[in-house]
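For reference, the structure discussed in these notes is given below.
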Amino acid sequence: MKFKSFIATAVVMACFSSCKSYLSVPYFQDLQNTAQMPVLNVSNEVLRVYPGDKLNIVVSSAQTPEMVAKFNLPLQSQRIGATSEGYSNSSYSTMPYLIDTKGDIDFPVIGKIRVAGMTREEVEVTVKNLIVTRQLCNDAIVTCEVLNHYVNVLGDVRTPGRIQIDKDNITILEALSKCGDLNITGERQDIVVLRNVDGEQKAFHIDLTSAEDVYKSEAYYLRPDDVIYVNPNVMKQRTSTAAGNSWQTPSVYFSLTSIMLSVTTLIVSLTKK
């Protein structure tokens, strides 16, 4: 009877272990089975430009397009063997402006413009005001895009790699979805975001199974050069050795149970003699 109780206990423990493994997979578990979804407040992260950034600034005009053509640098062909940084894409028709070490761009006709520390919208307003106040074009429309803002996604995701930040307020959820989401073996309860903060590398840990933890994290909104690392779960880590997960297969438990049953039967039969 004691042996049967042991077997029953082992089966129950195996079932609980399976349930625990399942609960580590779904996202946002604190939003499930609730009568009312809680309000999750997050602060916006507005991207700013700094020395070394490349800006695609285009000036257009509906009434006098010929007057603004001089503000748009024509796209030059790349030298043989050179690699592009995104601006040779067919969607861009002008060369980018590089922010120098002093934080300036050298703009046609106008000259040096200090843009370091500005948002994309502030760059647009600054350039437009300079064009209008100097009476170079009264109906100028200015658009600005940052071409070299990226985050890197590494670890247990479908397609790890570098992702361009093509808008303000890109979130960790968007970055992971652009990589095809986590693999089933990805550790959802400990996503690591590495970020340079005032010259020091800082690590943020995010639990994707908790919506509150995700939305309250300082790393919910990503910044340029952030590194997202998805840890493999324990089972995936064990595959690094030849027999790492052998003890996790049902056949091993059945074999052990059979051996224990045989040994117990033998002991009982010997004690009765």
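The values are calculated or read from the model by the stated rules, or taken from the named source; none is laboratory data. Keep in mind that what you see is a predicted model, and the values were worked out from it rather than measured. In this analysis, Cβ positions are derived from the backbone assuming ideal geometry, glycine residues included, and neighbour counts consider all displayed protein chains. Just the protein is used for accessible areas: all its heavy atoms, side chains included, with ligands, DNA and RNA removed. Shrake-Rupley method; radii C 1.70, N 1.55, O 1.52, S 1.80 Å.
Key figures
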quantity: Selected residue (criterion: farthest from GLU45 (Cα to Cα)) from residues of region 73-101 that are at pLDDT below 95 and open to solvent by less than 50 Å² (accessible area, probe 1.4 Å); calculated: ALA82
quantity: Enumeration of residues in region 117-159 that are touching a Leu at 6+ places or on another chain (Cβ under 9 Å) and without any contact (Cβ under 8 Å) to a residue 40 or more places away in the chain; calculated: LEU130, ARG158
quantity: Region 102-148: number of residues that are open to solvent by less than 80 Å² (accessible area, probe 1.4 Å), in a strand (DSSP E or B) and within 18 Å of LYS70 (Cα to Cα); calculated: 7
quantity: Every residue from region 128-186 that is within 22 Å of HIS205 (Cα to Cα) and of a type in the set (Ser, Thr, Tyr); calculated: TYR150, THR159, THR171, SER177, THR185
quantity: Residue that is crowded, with 20+ Cβ neighbours inside 10 Å, at pLDDT 95 or above and in contact with a His (Cβ under 8 Å, 6 or more places away or on another chain), where the choices are ILE228, ILE191, ILE206; calculated: ILE191
quantity: The listed residue being surrounded by 15 or more Cβ atoms within 10 Å (Cβ to Cβ), more than 20 Å from ASN196 (Cβ to Cβ) and under 12 Å from the mean Cα position of the chain (by Cα), out of VAL157, VAL153; calculated: VAL157
quantity: Failed item, numbered, when ASP198 is tested on (1) under 17 Å from the mean Cα position of the chain (by Cα); (2) modelled with pLDDT under 95; (3) within 25 Å of VAL46 (Cα to Cα); calculated: (1)
quantity: Options THR143, THR185: the member that is farther than 24 Å from GLY52 by Cβ and more than 13 Å from the chain's Cα centre (by Cα); calculated: THR185
